[in-house]
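Novice: Structure below; questions to follow.
The values are calculated or read from the model by the stated rules, or taken from the named source; none is laboratory data. On a predicted model such as this, the values are computed, not experimentally measured, just so you know. Neighbour counts are summed over all protein chains in view; Cβ atoms, including those assigned to glycine, are modelled from backbone coordinates with ideal geometry. Side chains included, ligands, DNA and RNA excluded: accessible areas come from the protein's heavy atoms. Shrake-Rupley method; radii C 1.70, N 1.55, O 1.52, S 1.80 Å.
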Amino acid sequence: MPVGSSRLGFITCLIGLSLLLPLSQGQAGDPPASPSAIIRHELRVSIDPDQYQLTVIDRMVVRVGGSQSPLDFTLATSLRLETVALVTRVGNEERLIPVSTSLGDATIDSNLRSLQVSLPDHQQGNVTLEWRYRGAIDDPPREPRHLRFVTPSETSGHIGPEGVYLSSETGWYPDLAGSLASYALTVEMPGGWTAVSQGRGGAKQECTKPRSDEACRSVQTWESGVTEALTLVANRFTVTTRDWKGVNGQVVHLATYLFPDDAVLADEYLAATAKYLDAYVPLLGPFPFEQFGVVENFFASGLGMPSFTLLGSGSIKRHYTQPYALGHEIVHSWIGNSVWNRPESGNWVEGLTTYLTNYYWHELNHDDRQAREQRRLMLQGYSLYVTPQLDYPIAAFQRKSDEKDNAVGYQKAAMVFHQLRLEIGDEAFWRGVKLLVADLSGRHADWQDLERVFAKVSERELRWFFAQWIERSGAPAVAIVEATASPIREQPGAYKLRIRLAREGGAFRFILPLKITMKGSTSSAEVPLTAEQQEVELVVPAEPLTLSVDPEYMSLQRLKREHVAPVLNLFVTDQHKSVLPLFADSATPFKELVARIEAQDAQVSAERKTAILAVDTMALPPSGSVLIVATSDHHAHVQSLMVRACGELATVGPEGFRLAGTSYAGRRMAALFSCHRRDAPGSVVTVLYAVDPAAATKVARLLFFYGWQSAVVFDEGTVTKRDMWQEFQAMKEVRLDEQR
Ligand SMILES: [Zn+2]
């Protein structure tokens, strides 16, 4: 679910995890003194979408622990328990002995209740229980609380004519906290429906009729190895399959489960999946599952499940095959769904997956420009969304619910993996990633495990690294105060370069990249800084002229707002901001936009309040960022307010606008652009401008998708130009010190 920041804004990525995992996890094969746990489910499920109903028989094998009686299960509150019986055998005959159940006192979650089962006499070892229950699962997906595309729609599970989604949060089968079980699943549904679950399967009978006068029912089976939780989705899918064969000889069965209208996209998704397997199997080891499916969902989602990904229909239609999208979900097959995360002790899975896909994909494909762009976006995301007051250690990140969590747990954490790679070197880093998967598959891992693995492969002590970057909040910010150079008498042509640094953000030990422009050449240096170091000395082969700090965004530093290229997100994240509506009442899309900003503002933290300025405002407020939403009948007014910030870079007129030297005119055109306020460092003037507001209908709706662009031009709502304007490059001239 994605990072972080694509050009379309935040991508949602969550991986499907049980919320009920306890802090300590029993492993299969633990001695019987461990808590009781389910080790196997055999589920026979009949689904009636039109009735929102399911009927289930679950035969489960429970490993009964030493002290626990009664057993404390959870099940959805809406499901009616018919019987629970102990399955015994006498000779060849199977007998069911009913066992007593009682409702526990606590409602664990709004949709889950506790059910206590008392076994007839003190049972030890493995026992088989048969559960029969039925009921409705009807929690229609709601729009997420946050309007900014960070989280998927919210539902604890749903059965309906539009689709079926049953997850670990649904409580659609009885569970014991901490269980790691294998699953056999048989699903009976109306004819034409297809179920998708984890592991291997899909064998299907299209039409079975219990009685000849009844409608067709389809029956399908799935089998999953040991996993944390089982997800089941179903819909009227068109299924397309293809085999992927790796150079290692491995074969993975790929499939798409798409709605009939989108079935034409199957090849595109299958080809993209194969491409990602080609790239990531060599880096991460054999693909952990026999199958991988791309499944279209009836509500907005980006979920990575073991052996399939569940993507909202909107995403599927938008060709969601990019590395930060499909690539990210596929890498979760190893990172998160093979080696498991333990969210309560810190989520490392999203940071590493984001690093491997959203970022590293571009390096892997030698796209240096895009790789740099991703590093820049990750650092900007962290620097803008996480103010020092809101910052928290990566170790405290569990899952995201807003941009700040995204910036800490996905973006900053990804940059920490980049720092680790710089620190221990490529060879050790990639050996570590592979070892992590190989050693910890089928187990929970936390940051301590990662520290152990990378310390082992690098033969380095890395306690300081993880203490500094994972357990502490913040990031350093380094600037050059002074740089002087003097010729070295013994080395003709060479110079000694002395650099004095200003350090903010606390004591951090890290590698500081420097770019040195010399007479006739440039060079770069990677300077390992100790936590307090403020002086650097280097020997360079020619006379140095200028120095810049990390122009390639390789180091994890906090960027200053005034150093970030002017973008809409500077407005979004400003502590003080205002909106100036300069349009007629008839400009409906603009009116809606302003209303939406007001409504959204009321939902987020109290410190972000947006003032709506009066139409006759003739001067910008003395501080903060301003969003001017305007039509061309106000062109002179807009121009007078923005000229000090934008200068010649952007101007507006009665027929259109001019951006970075190019003119755009006509009623179809609209623009969104931002300029730094020179009189209020760190704040911007952002202008959404249209000759005819009708041309901006789509733009006004999707405005915040373009948060990381300086300028975007729209022709009838379609983007025809994107631009990034000057980003600050901290360049320091080197003073020549002739004294020997
Ligand atoms: Zn993810």
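Novice: Given (1) open to solvent by less than 20 Å² (accessible area, probe 1.4 Å); (2) within 16 Å of the ligand (Cβ to nearest atom); (3) within 24 Å of Gly707 (Cβ to Cβ), identify the lone condition not met by Val386.
Specialist: With (1) open to solvent by less than 20 Å² (accessible area, probe 1.4 Å); (2) within 16 Å of the ligand (Cβ to nearest atom); (3) within 24 Å of Gly707 (Cβ to Cβ) applied to Val386, the lone miss is (2).
Novice: Further question: Looking at segment 553-566, can you tell me whether even one residue there is buried (at least 16 other Cβ atoms within 10 Å of the Cβ), of a type in the set (Ser, Thr, Tyr) and over 26 Å from Leu384 (Cα atoms)?
Specialist: No, there is no match, as no residue in segment 553-566 is buried (at least 16 other Cβ atoms within 10 Å of the Cβ), of a type in the set (Ser, Thr, Tyr) and over 26 Å from Leu384 (Cα atoms).
Novice: OK, next. Could you look through segment 226-238, keep only residues that are in a strand (DSSP E or B) and at pLDDT 95 or above, and pick out the one that is farthest from Ser168 (Cα to Cα)? Give the derivation first.
Specialist: From segment 226-238, those in a strand (DSSP E or B) are 226-227, 232-235, 238; that's our starting set.
The next check asks that each one be at pLDDT 95 or above; those that pass are 232-235, 238.
Values: Leu232: 9, Val233: 12, Ala234: 15, Asn235: 19, Thr238: 25 Å.
Restricting to residues being in a strand (DSSP E or B) and at pLDDT 95 or above, the top hit is Thr238.
Novice: The conditions are (1) touching a Leu at 6+ places or on another chain (Cβ under 9 Å); (2) open to solvent by 60 Å² or more (accessible area, probe 1.4 Å), and Thr651 fails exactly one of them. Which is it?
Specialist: (2)
Novice: Anything in segment 349-368 that is part of a helix (DSSP H, G or I) and open to solvent by 10 Å² or more (accessible area, probe 1.4 Å)? List them, or say none.
Specialist: Tyr360, Trp361, His362, Glu363, Leu364, Asp368
Novice: Mind listing whichever residues of segment 713-725 are closer than 18 Å to Val564 by Cβ and assigned to a strand (DSSP E or B)?
Specialist: Arg722, Asp723
Novice: Please specify each residue of segment 101-133 satisfying the condition of being polar (S, T, N, Q), at pLDDT 90 or above and closer than 16 Å to Pro35 by Cβ.
Specialist: Answer for segment 101-133, where residues must be polar (S, T, N, Q), at pLDDT 90 or above and closer than 16 Å to Pro35 by Cβ: Ser114, Gln116, Asn126.
A quick yes/no check of all residues on (1) in a loop (DSSP other than H, G, I, E, B); (2) more than 30 Å from the chain's Cα centre (by Cα):
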| position | (1), (2) |
| --- | --- |
| Gly192 | yes, yes |
| Gly201 | no, no |
| Arg211 | yes, yes |
| Thr221 | no, yes |
| Ser224 | no, no |
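Novice: Right, here's the next one. Considering only segment 509-523, how many residues are surrounded by 14 or more Cβ atoms within 10 Å (Cβ to Cβ) and part of a strand (DSSP E or B)?
Specialist: Result for segment 509-523: 10.
Novice: Which condition from (1) of a type outside the set (Lys, Arg); (2) assigned to a helix (DSSP H, G or I); (3) more than 20 Å from Ala195 (Cβ to Cβ) is the one that Val247 breaks?
Specialist: Tallying (1) of a type outside the set (Lys, Arg); (2) assigned to a helix (DSSP H, G or I); (3) more than 20 Å from Ala195 (Cβ to Cβ), Val247 fails exactly one: (2).
Novice: All but one of (1) of a type in the set (Gly, Ala, Ser); (2) over 23 Å from Gln419 (Cα atoms); (3) buried (at least 24 other Cβ atoms within 10 Å of the Cβ); (4) out of contact with any Asp or Glu (no Cβ under 8 Å at 6 or more places or on another chain) hold for Gly249; which doesn't?
Specialist: Condition (3) is where Gly249 drops out.
Novice: What do you reckon, is Gly302 modelled with pLDDT of 95 or more and farther than 18 Å from Ala414 by Cα?
Specialist: The answer is no for Gly302.
Novice: Tell me which residues, restricted to segment 296-317, are within 16 Å of the ligand (Cβ to nearest atom) and either in contact with a helix residue (DSSP H, G or I) (Cβ under 6 Å, 6 or more places away or on another chain) or aliphatic (A, V, I, L, M) (or both).
Specialist: Ala300, Leu303, Gly304, Met305, Thr309, Leu310, Leu311
Novice: Which of the residues that make up segment 318-330 are over 14 Å from Ala263 (Cα atoms) and either within 11 Å of the ligand (Cβ to nearest atom) or among the basic types (Lys, Arg) (or both)?
Specialist: Matches in segment 318-330: Tyr324, Ala325, Gly327, His328, Glu329, Ile330.
Novice: Using beta carbons and a limit of 9 Å, which pairs, at least six apart or on different chains, have the first residue in segment 479-494 and at positive phi and the second one in a loop (DSSP other than H, G, I, E, B)?
Specialist: These pairs meet every condition: Gly493/Pro541; Gly493/Ala542; Gly493/Glu543.
Novice: Now, a different point. Restricting attention to segment 151-181, report how many residues are more than 19 Å from Ala300 (Cβ to Cβ) and not in a loop (DSSP other than H, G, I, E, B).
Specialist: Matching residues across segment 151-181 total 3.
Novice: Could you pull out the residue among Arg372, Arg342 that is over 24 Å from Gln557 (Cα atoms) and out of contact with any Cys (no Cβ under 9 Å at 6 or more places or on another chain)?
Specialist: On inspection, the qualifying residue turns out to be Arg342.
Novice: Give just the number: which of (1) in a helix (DSSP H, G or I); (2) crowded, with 20+ Cβ neighbours inside 10 Å; (3) out of contact with any helix residue (DSSP H, G or I) (no Cβ under 7 Å at 6 or more places or on another chain) does Met378 not satisfy?
Specialist: Just one mismatch for Met378, condition (3).
Novice: Scanning segment 331-348 for residues that are out of contact with any Phe, Trp or Tyr (no Cβ under 8 Å at 6 or more places or on another chain) and assigned to a helix (DSSP H, G or I), which turns out nearest to the ligand (Cβ to nearest atom)?
Specialist: Step by step, filter segment 331-348, then rank; the result is Pro343.
Novice: Can I ask one more? Does segment 498-508 include one or more residues that are buried (at least 17 other Cβ atoms within 10 Å of the Cβ) and of a type in the set (A, V, I, L, M)?
Specialist: Yes - at least one qualifying residue is present in segment 498-508.
Novice: Among residues belonging to segment 267-294 that are more than 16 Å from the ligand (Cβ to nearest atom) and in a strand (DSSP E or B), point out the one that is surrounded by the fewest Cβ atoms within 10 Å (Cβ to Cβ).
Specialist: Among those residues, the one meeting the criterion is Gln291.
Novice: When you scan segment 300-309, do you find a residue that is within 22 Å of Ile159 (Cβ to Cβ) and surrounded by fewer than 22 Cβ atoms within 10 Å (Cβ to Cβ), even just one?
Specialist: Yes, some residue in segment 300-309 is within 22 Å of Ile159 (Cβ to Cβ) and surrounded by fewer than 22 Cβ atoms within 10 Å (Cβ to Cβ).
Novice: For Met669, work out the one condition from (1) within 17 Å of Trp725 (Cα to Cα); (2) aliphatic (A, V, I, L, M); (3) in contact with an Asp or Glu (Cβ under 8 Å, 6 or more places away or on another chain) it doesn't fulfil.
Specialist: Among (1) within 17 Å of Trp725 (Cα to Cα); (2) aliphatic (A, V, I, L, M); (3) in contact with an Asp or Glu (Cβ under 8 Å, 6 or more places away or on another chain), Met669 violates only (1).
Novice: Could you check Ala371 against (1) in contact with a Ser or Thr (Cβ under 9 Å, 6 or more places away or on another chain); (2) more than 16 Å from the ligand (Cβ to nearest atom); (3) open to solvent by less than 20 Å² (accessible area, probe 1.4 Å) and say which number it fails?
Specialist: Exception for Ala371: condition (1).
Novice: So which residues in segment 400-445 are open to solvent by 20 Å² or more (accessible area, probe 1.4 Å), within 17 Å of Val339 (Cβ to Cβ) and either within 16 Å of the ligand (Cβ to nearest atom) or not in a helix (DSSP H, G or I) (or both)?
Specialist: Ser441, Gly442, Arg443
Novice: Return yes when Pro621 is in contact with a strand residue (DSSP E or B) (Cβ under 8 Å, 6 or more places away or on another chain), open to solvent by less than 50 Å² (accessible area, probe 1.4 Å) and not in a strand (DSSP E or B) and no when it is not.
Specialist: Yes, satisfied.
Novice: Just checking: which of the strands (runs of 3 or more DSSP E) contained wholly in segment 533-591 hold 3 or more residues that are in contact with a helix residue (DSSP H, G or I) (Cβ under 9 Å, 6 or more places away or on another chain)?
Specialist: Correct list: 576-582.
Novice: For Glu648, indicate whether it is over 33 Å from the mean Cα position of the chain (by Cα) and acidic (Asp, Glu).
Specialist: Considered against the rule, which asks whether it is over 33 Å from the mean Cα position of the chain (by Cα) and acidic (Asp, Glu), Glu648 comes out as yes.
Novice: A further question on this structure: For segment 683-693, state whether one or more residues are open to solvent by 10 Å² or more (accessible area, probe 1.4 Å), out of contact with any Asp or Glu (no Cβ under 7 Å at 6 or more places or on another chain) and within 20 Å of Ile597 (Cα to Cα).
Specialist: The answer is yes; a qualifying residue exists.
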